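Engineer: Next up is a structure, given as structure tokens.
The values are calculated or read from the model by the stated rules, or taken from the named source; none is laboratory data. Note that the structure is predicted; figures quoted are calculated from it, not measured. Note that each Cβ is placed from the backbone with ideal geometry, even for glycine, and that neighbours are counted across all protein chains shown.
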Amino acid sequence: MALGEAVPLPSRVQFHRANPEPNSNYIDFYSRWIDGPDDIDVNQIVDRWRRQERSE
């Protein structure tokens, strides 16, 4: 069942298993998302969003 903002009407969908199946056990995604990279200036990004400026 697929539903949400991106799906106009609830729909039934079928996915075929990937061959070969993905193996993502070697990366701890949760820790990476929580910690994030050290070189991102979040305040600068938010400021650009608010002022709608693009980086060059």
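Engineer: I'm trying to understand the selection: among the residues of region 1-53, which are touching a strand residue (DSSP E or B) at 6+ places or on another chain (Cβ under 7 Å) and surrounded by 10 or more Cβ atoms within 10 Å (Cβ to Cβ)?
Structural biologist: Ala2, Leu3
Engineer: What are the residues in region 8-33 that are outside any loop (DSSP other than H, G, I, E, B) and modelled with pLDDT of 80 or more, if any?
Structural biologist: If the condition is that a residue be outside any loop (DSSP other than H, G, I, E, B) and modelled with pLDDT of 80 or more, then Pro8, Leu9, Pro10, Ser11 are the ones that fit.
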